[in-house]
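S.K.: Got a structure for you, questions after.
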Amino acid sequence: MTAPGRRRRPGPRRALTEDEILDAALSLLDEGGANAASVRGIAATVGVAPNAVYTYFPGKAAVFTALVDRLLGEVDHRVFADREQHWRQRVEALALELRSRLAAHPAVVPLMIGGPMDGPHALALNERLLELLGDAGLNPADAARAAYVLIVYVFGSVALEVADVAQASPLPPESERIAGRRRAVSATPAQQYPRVAAASDLIAGYVSTDQYLWGLHRILDGLTTSRPAGSAV
């Protein structure tokens, strides 16, 4: 018991790292979405006062920006950096890798779409993509435009998949999501919307890997229709 008039000595200061803050933010995002990942919530998760978080990040937006870049840094560049592989296989591998990682943390997808993605890991990923498209025979200007098209397709596709499910994380298995969509689409009045009803199975599969790759392949076909003669196919 502390003697009267004597001040209690403070305990040891809690050690904290940026990664701990980002881990806490990701956990809160997975559990309850962006609204749950407040600075106060992050601080409580790691057991510090909110001011300690501000020592590392000026606010929640900065935490999210750093988290997005860290997740992009987890992408395995080996899946698409091997220049001995055909460029289309490398694009497909990258697209599938990104989709898989984003599906594991759906609440992060809107943060990626809503931010500039200009951190070091994002820039490294874009550099690789531009190199890859150059290997496909595109000139630097066309490669830059093509990279943007591919980024919009990948993140847009995943964003629509995420919006289709009222759950923070992770996404349910693909088969369950397709089955749920099939039940919903099957209620379409066939007499009023005959084409939609006839395509109901395909519409249910819009969130499938097959549909994702079908769209990707069509984009790749279009991007290379104007390749210079003699370039890689």
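S.K.: So which helices (runs of 4 or more DSSP H) are wholly in the stretch 69-181 and hold at least 2 residues that are over 19 Å from residue 216 (Cβ atoms)?
M.R.: Answer list for the stretch 69-181: 109-114, 120-135, 140-163.
S.K.: Here's something else I'd like to know. Considering every residue within the stretch 59-73, establish whether at least one is over 15 Å from the mean Cα position of the chain (by Cα) and buried (at least 17 other Cβ atoms within 10 Å of the Cβ).
M.R.: There is at least one residue in the stretch 59-73 that is over 15 Å from the mean Cα position of the chain (by Cα) and buried (at least 17 other Cβ atoms within 10 Å of the Cβ).
S.K.: Could you list, in sequence order, all residues of the stretch 85-101 that are open to solvent by less than 40 Å² (accessible area, probe 1.4 Å) and either without any contact (Cβ under 8 Å) to a residue 60 or more places away in the chain or charged (D, E, K, R) (or both)?
M.R.: 90, 93, 94, 97, 99
S.K.: Has the stretch 41-62 got at least one residue that is in contact with a helix residue (DSSP H, G or I) (Cβ under 9 Å, 6 or more places away or on another chain) and closer than 29 Å to residue 207 by Cα?
M.R.: No, because not a single residue in the stretch 41-62 is in contact with a helix residue (DSSP H, G or I) (Cβ under 9 Å, 6 or more places away or on another chain) and closer than 29 Å to residue 207 by Cα.
The values are calculated or read from the model by the stated rules, or taken from the named source; none is laboratory data. It should be emphasised that the depicted structure is a prediction, and the values quoted were computed from it without experimental measurement. Neighbour counts are summed over all protein chains in view; Cβ atoms, including those assigned to glycine, are modelled from backbone coordinates with ideal geometry. Surface accessibility is based on the protein's heavy atoms, side chains included, excluding ligands, DNA and RNA. Shrake-Rupley method; radii C 1.70, N 1.55, O 1.52, S 1.80 Å.
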